[in-house]
């Protein structure tokens, strides 16, 4: 656990002000409900290792969790969640800004004397941040209110708003809209038709409510994710108990609205057992992708559920991803990736080991699983994922391993999908005589998620020496290549050896494709100390190691002039033949 001692002072707080309750609330929900035609399920078991670029935890002695992470315009990341370790109340909203390597740049807490929680964050067009969540610190909202807070680029509060009535509200998802305002979705128990309804609020750029709509029936319905669509409307998803088709509560309910929240169509999952969805995104083809959780039965627990809907609200396809048979798997976040596929993050819980871990599933554009990874435990869960500008992934959630007490914010940066690298160039000599050869060992790596084939070329300065092919190198694997560097025809002087791997398809992280090694001296044969002349000290060094073979403690490869893995008479003959010579 990384305790960020000294980082949390000073802590800024606010008392959530000026409660704004929703006037002109309307109950609107659409029909007919679309039921899925289920296609093949895919069991993605036996996950491989995780190519982690870096991993960081942030927190104190209390319970701390990240609910949302986003890459920022400077290449770093912003994290929103809640903290019981710092701030003014029982729990406070927590905003953490880190650089590209996970180092904290600043953090701020926001809240009052009671419980406050940030569920969603987005960087705004002015470089600041918009945060949505729930607050129980506002006295005129007895059971808690939805809140919206706007900060500058350093987390300093610019304004905050609360929305709600006599009962309970929460904001689950926020996005800046094309007009500079904001859209927030979540739950209201104060307005609408049932004990809880979807609540969609549109504000101006200062958080003043422009309009709001409720959607739902007589039971508990809650929206978890909203996004403005390309036509200026909104897509929203969550869980609806009002329209259940089986004996268990919960249906995934997808709602498409117009620019003012009027329902255009809805889609209902219609699965007989309980299901829910936490994340929706419009896809590049104009349709929508939904990440949810499906209870296949209470015997086989729950699985990730990926659902693709077209622009008219009709099911294209759906896929189920299941871990081992005793696991319960909960999907929390999804994003379409640059290759047209999808990345899903959540948690997988084993009833056998009693451990929950981060679980990532990557699919192609048709939902076919390409890879899956678990990470962490015994008590960890991922709540937010995003593909990064380098083609990798940033994942945030919580880690409740014993050493972290109640739990810490946990952020992991993964390497890109397709990635190759060179991590070492190791010649057997640091000095070599003109006309002689030396082996050079090169280590090539696959830090990505796919098996790769590529070429590696060894260079002396800028001149290519030799190229070798690496075939079928698997994820997180490495291989050692042995090149031969012959110095015939080279001028005396210092040479830098380097190796470069060719870029593979869809690779975005190319900085590690080249590794630059040490300087090697090409000099007169017999110049074992590399000072470009053959004098007494070279003979002394050679004689001190005379009759020593490779692998023995006193072996010096520079004294093995002829490269036969032993320092014997012929090495001394070569040295004596050039004794007294020096580089003019």
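Structure summary
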| item | result |
| --- | --- |
| For 206, 578, order by how many other beta-carbon atoms lie within 10 Å, fewest first | 206, 578 |
| Three-way shape label, segment 351-487, alpha-carbon gyration tensor, a/c 1.5 | prolate |
| Alpha carbon centroid spacing (whole Å) that separates segment 61-79 from segment 421-482 | 38 Å |
| Mean residue ellipticity (222 nm) of the chain, computed from DSSP H runs ≥ 4 via -39,500 (n - 2.57), nearest 500 | -1000 deg cm²/dmol |
| Two-site label geometry, residue 218 and residue 570: point separation in nm, points 7 Å out along Cα→Cβ | 9.8 nm |
| Per residue, the convex hull volume that the Cα atoms of segment 178-303 enclose (Å³) | 102 Å³ |
| Value of Rg/Rh across segment 280-393 [Cα atoms, Kirkwood radius] | 0.98 |
| Peptides ranked, highest mean first, by Cβ atoms within 10 Å: ranges 555-563, 114-122, 514-522 | 114-122, 555-563, 514-522 |
| Inverse of mean 1/r across different Cα pairs in segment 416-523, Kirkwood, Å | 14.1 Å |
| Ellipsoid equivalent to the chain - semi-axes via the Cα gyration tensor, in Å | 60, 26, 20 |
| Whole-number D in µm² s⁻¹ for segment 529-584, Kirkwood Cα-pair radius fed into Stokes-Einstein, 10 °C, 1.306 mPa s | 140 µm²/s |
| Most to least packed among 328-337, 151-160 [average Cβ atoms within 10 Å] | 328-337, 151-160 |
| Taking the C-alpha atoms of segment 106-168, convex hull volume expressed per residue in Å³ | 78 Å³ |
| Cα centroid separation - segment 259-281 against segment 487-516, whole Å | 52 Å |
| For segment 93-238: rounded, prolate or oblate by the Cα gyration tensor [a/c cutoff 1.5] | oblate |
| Cα centroid of segment 91-154 to Cα centroid of segment 326-356, whole Å | 26 Å |
| Space enclosed by the convex hull of the alpha-carbon atoms of segment 211-257, per residue, Å³ | 75 Å³ |
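Quick note: the coordinates plus some simple rules give every number you see, no bench work behind them. What you see is a predicted model, and the numbers here were worked out from it, not measured in a lab. With ideal geometry, Cβ positions are generated from the backbone for all residues, glycine too; neighbour counts draw on all protein chains shown.
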